[in-house]
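Worksheet: the structure to be examined is printed underneath.
The values are calculated or read from the model by the stated rules, or taken from the named source; none is laboratory data. Just so we're clear, the structure is a prediction, and the values are computed from it rather than from any experiment. Cβ atoms come from the backbone with ideal geometry, glycine included; neighbour counts cover every protein chain shown.
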Amino acid sequence: MELDETYMLRCLQLARRGMSWVSPNPWVGAVLVNDFESGAKPYPKHEKILAEAWHARFGKAHAEQALLNSLPIDFDYAGTTLYVNLEPCAHVGKTPSCANLLIEKGIPRVVVGMLDPNPLVAGKGIDLLQSAGIRVELGVLEKDCMFLNRRFVVNQLHKRAYTMLKWAESADGLMDGMNQNRKVISGSESHHWVHEQRAMIDAVLVGIDTWQKDKPRLNIRHGLQGVMQANIDLPHVNKNPVRIVLDRHLRGQYDQESLARSDGNLLIVYEEGVAIKSPAAASRNGITKDVNSSLPDGITTITKTGKDIKSAESQAYLLEMPKQYSMPMLMKALLELGIGSVMVEGGAKILSMFIDAGCVDEVHILRSQTLVLEKGLQSPVWTGPLLTQESALGNDAHWSWYSPTSK
Ligand SMILES: NC(=O)c1ccc[n+]([C@@H]2O[C@H](COP(=O)([O-])OP(=O)(O)OC[C@H]3O[C@@H](n4cnc5c(N)ncnc54)[C@H](OP(=O)(O)O)[C@@H]3O)[C@@H](O)[C@H]2O)c1
């Protein structure tokens, strides 16, 4: 592997530390390296790496800015190369333009993994750097950089939340048995994998029947072994994803117990025309309890408010969608609320709606090799391209597919 690729790989490792904290911004890591040939002195701590940083939180310093901030103000950048997996921004937003910061510091060489996927800004950062006389290499490990930021790419190109489908099925293709109690289908390795995904995603989504029957917690409970194995230490605690329930008629039970199953906020999506009644009003009017009478007190209806509903508050919010809204419409509305990625966890009907609408960027099926249910709920029929088998998760086979936009 070439040196440029080695340092770009390090950028990708650092970038993932942003976990779900930076969304809907991209994952970006930056590394500043000494070029010995130009005579600069090695930093005492590392042989060649002078500094490294990553974008850690939405609204906070971009990776390049965080890296520059970590060095003394009078640091001599002569003979250095800066590596970054995404084109430095050229616009002044919540933070100053990264391209201008690099120019100000006099960094002579910048190696970039991929262009910004937003067609309106792609190439502008590179142009700024080159016009200032900086040597720029573009496209080092480009495919890996695109894959790492596949969610951001989909957000930018399609203006909707990235959609990942995931379900567990028995060896005979069933998602649940006939019993009233939920059947645990996958093994502990699969559970760990799912919980790692939850740590990286903004929201998890289920249908109302899954919400009612399984009473799922939809939080992060199991260790993040895979993340550790990938040599990514966890700089800050995980944030539970927002829980989304598709309940177009508002027939679910949303009492304090269900709210408290996770400190991730709860977003209940219903269709326009459904009357919302508070518990007090419901009892006053003598309305029976199962007609949306169990919405928690203080529930807030949100539209496109720009409110950050990803903060962990264990609050419930209502999102009204038009009648017979489509799944792409929903994903668009979610991105407008700042939710950049969603893992759809079931049940079969809701998963099938996403498949039928072609609103899928990534799919994962965890198939038990041992459990046979014989009768029960059929898994959704995957009508997309061929799935690829990944390494097994314990006793479960892991089949997946990623859309070409994300590859
Ligand atoms: N193995 C796994 O990975 C896994 C994961 C999750 C769940 N499960 C199992 O799956 C079962 C539940 O799955 P399910 O397929 O019966 O139900 P589901 O997919 O959880 O929920 C389906 C219901 O959602 C409602 N809905 C809400 N918004 C909708 C919309 N925009 N368009 C259409 N329908 C909408 C519909 O009810 P209304 O018509 O009343 O609106 C529909 O019947 C449970 O047994 C659970 O244990 C298994």
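For the reader, a short list of remarks on this structure follows.
- Output for the range 144-193, where each listed residue is of a type in the set (A, V, I, L, M, F, W, C) and more than 13 Å from the chain's Cα centre (by Cα): Cys145, Met146, Leu157, Trp167, Ala168, Ala171, Leu174, Met175, Met178, Val184, Ile185, Trp193
- Any hit, the range 142-156, residues being modelled with pLDDT of 95 or more, away from the ligand (no atom under 16 Å from the Cβ) and of a type in the set (Val, Ile, Thr): yes
- Options Gly125, Gly133: the member that is more than 16 Å from the ligand (Cβ to nearest atom), free of Cβ contacts under 8 Å to residues at least 12 places away in the same chain and either among the hydrophobic types (A, V, I, L, M, F, W, C) or not in a strand (DSSP E or B) (or both): Gly133
- Cβ pairs under 7 Å, 6+ apart, first in the range 381-407 and free of Cβ contacts under 8 Å to residues at least 60 places away in the same chain, second surrounded by 15 or more Cβ atoms within 10 Å (Cβ to Cβ) and among the small types (Gly, Ala, Ser): Leu387/Ser400; Thr388/Ser400; Gln389/Ala397; Glu390/Ser400
- A residue that is crowded, with 18+ Cβ neighbours inside 10 Å, within 9 Å of the ligand (Cβ to nearest atom) and assigned to a strand (DSSP E or B) cannot be found anywhere in the range 350-358.
- Odd one out for Met175, checked against (1) part of a strand (DSSP E or B); (2) more than 8 Å from the ligand (Cβ to nearest atom): (2)
- Any hit, the range 80-91, residues being touching a residue at least 12 places away in the same chain (Cβ under 8 Å), within 16 Å of the ligand (Cβ to nearest atom) and surrounded by 15 or more Cβ atoms within 10 Å (Cβ to Cβ): no
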